[in-house]
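Q: So that we are looking at the same thing, I have put the structure below in structure tokens.
Any read-out appearing in this document is the output of simple, stated calculations on the displayed coordinates, not a laboratory observation. Because the structure is a prediction, the values reported are computed rather than measured. With ideal geometry, Cβ positions are generated from the backbone for all residues, glycine too; neighbour counts draw on all protein chains shown.
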Amino acid sequence: SLRGQPIIFNPDFFVEKLRHEKPEVFTELVVSNITRLIDLPGTELAQLMGEVDLKLPGGAGPASGFFRSLMSLKRKEKGVVFGSPLTEEGIAQIYQLIEYLHKNLRVEGLFRVPGNSVRQQILRDALNNGIDIDLESGEFHSNDVATLLKMFLGELPEPLLTHKHFHAHLKIADLMQFDDKGNKTNVPDKERQIEALQLLFLILPPPNRNLLKLLLDLLYQTAKKQDKNKMSAYNLALMFAPHVLWPKNVTANDLQENITKLNNGMAFMIKHSQKLFKAPVYIRECARLHYLGSRTQASKDDLDLIASCPTKSFQLTKSQKRNWVDSCSHQEETQQRTEEALRELFQHVHNMPESAKKKQLIRQFNKQSVTQTPGRESSTPRVQKRARSRSFSGLIKRKVLGNQMMSEKKNKYPTPESVAIGELKRASKENMNLLFSGSPAVTMTPTRLKWPEGKKEGKK
């Protein structure tokens, strides 16, 4: 029955799976990354986690007291939708208003100009009773619907972003860029602000997150048509910040120090709403590895993960890869040093004054070169990687190492020949075998590599 149906790819599939199946693991993962971005003292972090009650700003003046009592009286008339805690059923009813407003975004002063109170009461009763409303009949105006939407948000028991997140949003507003000297500037760090909002939205209750996405999409589309409706993102923020961010039962005087931050934060969410409901990449990877880590631990993506998602298999694979790379680079470096020492040794022999010893050494160099690469010119022998045989190494040790080590004790100043010999001695037996093994021209037994002390120098 599913044949022919389009396949929907959800990049946050494992994120949602982890949220529903293991909420404690999910919350710990998200909150640990939130505290990496913003500084939350112990009390504010406990408030974000819901472990302690939130201390909200409040005024003691008579005006604010009258305002709070008036708002509490208005909320006594609770219906199925208005004045009740947010539920998916309530969102389904309110979605009728949002869907209608998407088709009427060009109305000037939308959300600012109030509608007719009589028509609004008719709409309110219909929504509370769960009745589907025909908003296209022409009986209601766009301003009626827009005002009713604001009224619904204003009568929620707590703001849409919840009381627990209040202090975290104030800290996000303070995220600024740093200059080259590490000093904090007045330029907002938009990337970090977006990342912090993405994380905060992940731990919102599902009904709040769903309605917030519907609302911000609507306000984003409204701001895009500000040339017609005269409502910019900041103008819309002034209308909705009290219902989305402000704690309930407070006035502008209570929030005098933070009201600018809250309004600017609301405008920022409207402008960047299309990015805020995607989980950060590292959260997706951590959630995916939580379920598929044992089967995909060797993939490149897992090796490139940042340290925010520690897994045992990932650390093991990364350490093995690092050890292998270090071993290869060490062998290659030793090989290059040995080859360079041999080149210097040959150059030194070539520059020696004419003597029987020089002729014999050059003859052996040329003989070895012809043995390995027939037809090659004998006047320009080169040291090839893994090309010299054991007989050549024996020759060097018999002809050069013994005599030069004896003469070096008598000479105070090192010569190029002694430097080359020192390099050869520093090469381990394993690296010497790596350099001189593998030659098809000469095969020797290990006993040929031992040199008796009494052996004559000229004997091959």
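Q: What list of ³J(HN,Hα) values in whole Hz, one per residue of region 34-43 in order, does the Karplus curve 6.51 cos²θ - 1.76 cosθ + 1.60 (θ = phi - 60°) give from phi, with Gly and Pro shown as x?
A: Going residue by residue, I get 5, 5, 6, 8, 10, 8, 10, x, x, 5 Hz, with x marking Gly and Pro.
Q: Multiplying the sequence separation of E191 and Q221 by 0.36 nm and subtracting their Cα-Cα distance, what value in nm do you get?
A: Taking 0.36 nm per residue and subtracting the Cα distance, the gain is 8.6 nm.
Q: Taking 0.36 nm per intervening residue step and subtracting the Cα-Cα distance, what contour gain separates K358 from I98 on full extension?
A: Once the chain is fully extended between K358 and I98, it gains 83.9 nm.
Q: Now for a separate question. Any chance you could run the full-extension gain for H20 through Y234? It's 0.36 nm times the residue separation minus the Cα-Cα distance, nm to one decimal. Could the numbers behind the result be given before it?
A: On the way: separation 214, 0.36 × 214 = 77.04 nm, distance 3.55 nm.
Full-extension gain reported as 73.5 nm.
Q: In addition: Using mean Cβ contacts within 10 Å as the protection proxy, how do 277-288, 90-101, 15-26 order, highest first?
A: Result, highest mean Cβ count within 10 Å first: 277-288, 90-101, 15-26.
Q: Over 23 Å between C-alpha atoms is what I'm after, so list which of K150/K228; K225/K271; K171/K278; K184/K224; K103/K150 land there. Let's see the in-between values first.
A: Details: K150/K228 21 Å; K225/K271 13 Å; K171/K278 21 Å; K184/K224 32 Å; K103/K150 18 Å.
Where the Cα-Cα span goes over 23 Å, the pairs concerned are K184/K224.
Q: Give me the one-decimal nm value for the distance between modelled label points at E340 and E51, 7 Å along each residue's Cα-to-Cβ direction.
A: 5.7
Q: Here is a follow-up. Given H placed on each backbone N at 1.01 Å, which residues far from Q177 in sequence or on other chains put an amide H within less than 5 Å of it?
A: Those lying under 5 Å, H to H, from Q177 are T185, V187, D189.
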